[in-house]
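Please find one structure pasted underneath; my questions will follow.
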Amino acid sequence: MSSITSAASATPQQAPPAHPGRAALQHIPGDEGWPLIGLLPRYFYHLDTLVMHTQRRFGNVVRTRIPGNVGLFVFGADNYQRIFLDREQLFSARHGYQSSLGHLFTEALLLQDYEDHRFRRRLMQSAFKTHSLRQYPAQMNPIIADELADWSRPSGMTIHARLKNLLLKISARTFFGIAADNTDTLQLSRNFTDLVEAMLALLRWDLPGFRYHRGLRSRRALEQYFNGLIPQRRHGDGQDMLSHMCRETDDRGEPFSDEEITNQAIFLLFAAHDTTTSLLNNLLLHLARDETLQESLRGQSRALNTDYPAFDELDGLSGLDHCIDECLRLYPPAPISVRSTLRDCAIEGYPVPAGTTLYLPMLFNQRDPQFWRQPHRFDPDRFAPGREEHKQHPFAYHPFGGGAHKCIGMHFARMMAKCVMHQLLLRQRITLPAGHRSRILWIPLPRPAKLPLRFAPL
Ligand code: HEM
């Protein structure tokens, strides 16, 4: 069992405690890697092995360096249960993510704590309730059909770019009620690529030619774009997410401001599209590698007897569910959550000062041999009735996080992935060239570095 204890409580919304500095963490074992950049070079292709070796070498609480900051890796399902559920209001997402997301995703939901967070999460809730989710497949299915129609013809685009393009078109429709053409999606895609690159930029200079500058410029372009959509969505009866958000009211029955809606809408699209693209890339890799598995999923899809399944019919695709689970276990699209301690505390007996950044790679729990048989093997049946390895601990498997910040788009993401895969399986046989081997590139989000898929119409 882990143990996390804290000093006397303090008001959670206080100003962030100052970072304690490197010296204050020297009593904790660890490896800081290179000066300034820390272990970053190993993240690109070896994040999974790095995480497993680090835990094996140093234990569950480990000093590390992420560019610009010395903090702690924390591992272990019990520790995560306490940090994510955060009953003592000790672990701030706001201060944890401020330096990476704060400048580009102003006031985003993930950057809120406690009351502020509850207030803003309410803005999104009706867009993700079951009655809203039921509306989305009918909006996305024709777009998927349209896009997949020519996937067996060479396009000159990578599969990653094709998936991104498809998901942005679906998102434009379901999130904002827009029938996006290629120009719209290209522009949205550029804006979001700029934002992601700016988020990862080591040099945060707002000067022409720098990634950070391009990110800020794209942020302004997106603000303008969403601001232009809001007035009409406030008065219509649209079933897209933005319309739901425009009609939502706060505790006093007041609508949310345009600025608030825009801030959350930009973050929503960011949180949604690269994560689900990552999932689909990894899923396609494994299905192309294993034609027997592919054929069995195709059998379940054929049994639905429709190209355009409704929300409840998607439950019939249990094999696809297990494959999605297994991809999210091995390659979680958001592999490291971040929190900052609001007060002095102790984790597994180590004193941890207020203001310490905690890096929480779910990768360890999701491959911890304590819970998973042959943990590095792709084995979707481990999620099937009879085995259900994920049920041994609430934080053995948590690709969508946990506690107050648990992914609000979890069901939407699965639904979108299933709608895409269902139609693809019905239309195309998916293969890879014989002997193809691919490494996973973990940064910015995990996906095969190369994926030369071939699609043969059925
Ligand atoms: C496979 C796809 C996805 C994965 C793996 C994923 C993963 C996550 C994780 C791990 C968190 C919590 C981060 C933390 O606690 O530090 C999160 C939060 C969030 N996700 Fe997702 N996500 C996915 C798709 C989506 C989609 C499709 C949407 C929207 C439609 C979305 C919207 C959000 C939002 C708004 C938050 C912040 C929630 C809060 O702070 O209350 N995500 N996601």
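Need the failing condition index for residue 89 against (1) farther than 18 Å from residue 349 by Cα; (2) part of a helix (DSSP H, G or I), just the number.
Failing condition for residue 89: (2).
Still on this structure, I have one more. Consider the stretch 390-417. How many of its residues are within 6 Å of the ligand (Cβ to nearest atom), of a type outside the set (A, V, I, L, M, F, W, C) and closer than 26 Å to residue 119 by Cβ?
Qualifying residue count, the stretch 390-417: 3.
Take the conditions free of Cβ contacts under 8 Å to residues at least 40 places away in the same chain, among the basic types (Lys, Arg), part of a helix (DSSP H, G or I) and under 28 Å from residue 228 (Cβ atoms) and apply them to residue 169. Does it pass?
yes
Give me the pairs: first residue in the stretch 407-431 and without any contact (Cβ under 8 Å) to a residue 60 or more places away in the chain and over 16 Å from residue 287 (Cβ atoms), second residue within 12 Å of the ligand (Cβ to nearest atom) and not in a helix (DSSP H, G or I), beta-carbon distance under 6 Å, and six or more apart or on different chains, which are they?
So the pair list comes out as 410/400.
Test each condition in (1) at pLDDT 95 or above; (2) of a type in the set (Phe, Trp, Tyr); (3) out of contact with any strand residue (DSSP E or B) (no Cβ under 9 Å at 6 or more places or on another chain); (4) within 11 Å of the ligand (Cβ to nearest atom) for residue 267 and report the one that comes out false.
Evaluating residue 267 over (1) at pLDDT 95 or above; (2) of a type in the set (Phe, Trp, Tyr); (3) out of contact with any strand residue (DSSP E or B) (no Cβ under 9 Å at 6 or more places or on another chain); (4) within 11 Å of the ligand (Cβ to nearest atom) leaves (1) as the failure.
While we're here: State whether the residues of the stretch 124-146 include one that is of a type outside the set (Lys, Arg), within 30 Å of residue 67 (Cα to Cα) and assigned to a helix (DSSP H, G or I).
Looking for residues that are of a type outside the set (Lys, Arg), within 30 Å of residue 67 (Cα to Cα) and assigned to a helix (DSSP H, G or I), one finds none in the stretch 124-146, hence no.
Of these, 405, 436, 411, which one is within 21 Å of the chain's Cα centre (by Cα) and surrounded by fewer than 18 Cβ atoms within 10 Å (Cβ to Cβ)?
Answer to the selection: 411.
Matching residues to (1) in contact with a Gly (Cβ under 8 Å, 6 or more places away or on another chain); (2) surrounded by 20 or more Cβ atoms within 10 Å (Cβ to Cβ):
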{"site": "60", "(1), (2)": "yes, no"}
{"site": "76", "(1), (2)": "no, yes"}
{"site": "87", "(1), (2)": "no, no"}
{"site": "96", "(1), (2)": "no, yes"}
{"site": "108", "(1), (2)": "no, yes"}
{"site": "133", "(1), (2)": "no, no"}
{"site": "136", "(1), (2)": "no, yes"}
{"site": "147", "(1), (2)": "no, no"}
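Yes or no, residue by residue, for (1) in a helix (DSSP H, G or I); (2) basic (Lys, Arg); (3) surrounded by fewer than 17 Cβ atoms within 10 Å (Cβ to Cβ); (4) in contact with a helix residue (DSSP H, G or I) (Cβ under 7 Å, 6 or more places away or on another chain):
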| site | (1), (2), (3), (4) |
| --- | --- |
| 218 | yes, no, no, yes |
| 222 | yes, no, no, yes |
| 226 | yes, no, no, yes |
| 234 | yes, yes, yes, yes |
| 246 | yes, no, no, yes |
| 259 | yes, no, yes, no |
| 262 | yes, no, no, yes |
| 265 | yes, no, no, yes |
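Follow-up. Please verify whether residue 338 is under 27 Å from residue 83 (Cα atoms), surrounded by 19 or more Cβ atoms within 10 Å (Cβ to Cβ) and away from the ligand (no atom under 16 Å from the Cβ), treating the condition exactly as stated.
In short, no.
The values are calculated or read from the model by the stated rules, or taken from the named source; none is laboratory data. Nothing here was measured: the structure is a model prediction, and the numbers come from that model. Neighbour counts are summed over all protein chains in view; Cβ atoms, including those assigned to glycine, are modelled from backbone coordinates with ideal geometry.
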